[in-house]
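Data first, discussion second: the structure below is written as structure tokens.
The values are calculated or read from the model by the stated rules, or taken from the named source; none is laboratory data. Everything numeric here is computed off the predicted structure, so don't read it as measured data. Every residue, glycine among them, receives a Cβ derived from its backbone with ideal geometry; neighbour counts consider all protein chains shown.
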Amino acid sequence: MTETLLTLISAALINNFVLHWPLGVDPLLGAQRQQVHALGIATTSLMLVVGVLGYTLYQGVLVPLELASLSLFVFLSLNVLLITPLLTLLTRRLPQLSFQGLWPLVLGNAGLLGLMLINAQDDKGFFHATALSLGAGLGLWLVLSLFSDLRQRTLDNDVPLPFRGLPIDLISAGLIAVAFLGFTGLIKT
């Protein structure tokens, strides 16, 4: 139980998929302010479902049949096939949030594929894969929220002309990454 909790905290704060491994940067820079929480919920849910299903398929089907070399094809297919039903389900369950137009941002998130490949490579068990999937999704949601607030602050302030737009966004993402370095010593192995 302790290992599972440490994996969850580590994936969310220390080994963040957006800041530590730049796997989920696409939605970070492409999300609109009003879509941040919808994108966070959608990505967290998809990471949890795809991470667990990907691990189960890899360990339960591909490895026993000696088809592990097809894992990338299976993971990409699983990712694409589950996006639309999940967004439809979330739209029905949470009508107050707008999930319209999130399909390209969720599809282009390399963090989903990276998560499935890491779960397949590190065979530490089902609960570890589940904790890593949930922690990665929650960490991405946290970074999306923080980045959205920081982006709003830069829009409200007088930023020099050469730094407006993407340059100040990249500087802001770098500052958030440096702030997250403070969590590095949180968990000692």
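Okay, here's what the table says:
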{"quantity": "Lone qualifier among 105, 134 - being buried (at least 19 other Cβ atoms within 10 Å of the Cβ), touching a helix residue (DSSP H, G or I) at 6+ places or on another chain (Cβ under 6 Å) and either under 13 Å from residue 39 (Cα atoms) or among the acidic types (Asp, Glu) (or both)", "calculated": "105"}
{"quantity": "Any chance residue 140 is closer than 28 Å to residue 55 by Cα and in contact (Cβ under 8 Å) with a residue 60 or more places away in the chain", "calculated": "yes"}
{"quantity": "Selection count where residues are modelled with pLDDT under 80 and either among the hydrophobic types (A, V, I, L, M, F, W, C) or surrounded by fewer than 17 Cβ atoms within 10 Å (Cβ to Cβ) (or both), scope region 1-58", "calculated": "15"}
{"quantity": "Any hit, region 140-158, residues being within 13 Å of residue 42 (Cβ to Cβ), out of contact with any Leu (no Cβ under 7 Å at 6 or more places or on another chain), in a helix (DSSP H, G or I) and modelled with pLDDT of 85 or more", "calculated": "yes"}
{"quantity": "Selection count where residues are within 21 Å of the chain's Cα centre (by Cα), farther than 30 Å from residue 2 by Cβ and of a type in the set (Val, Ile, Thr), scope region 130-189", "calculated": "1"}
{"quantity": "Selection from region 156-174 of residues that are in contact (Cβ under 8 Å) with a residue 12 or more places away in the chain and exposed (fewer than 11 other Cβ atoms within 10 Å of the Cβ)", "calculated": "166"}
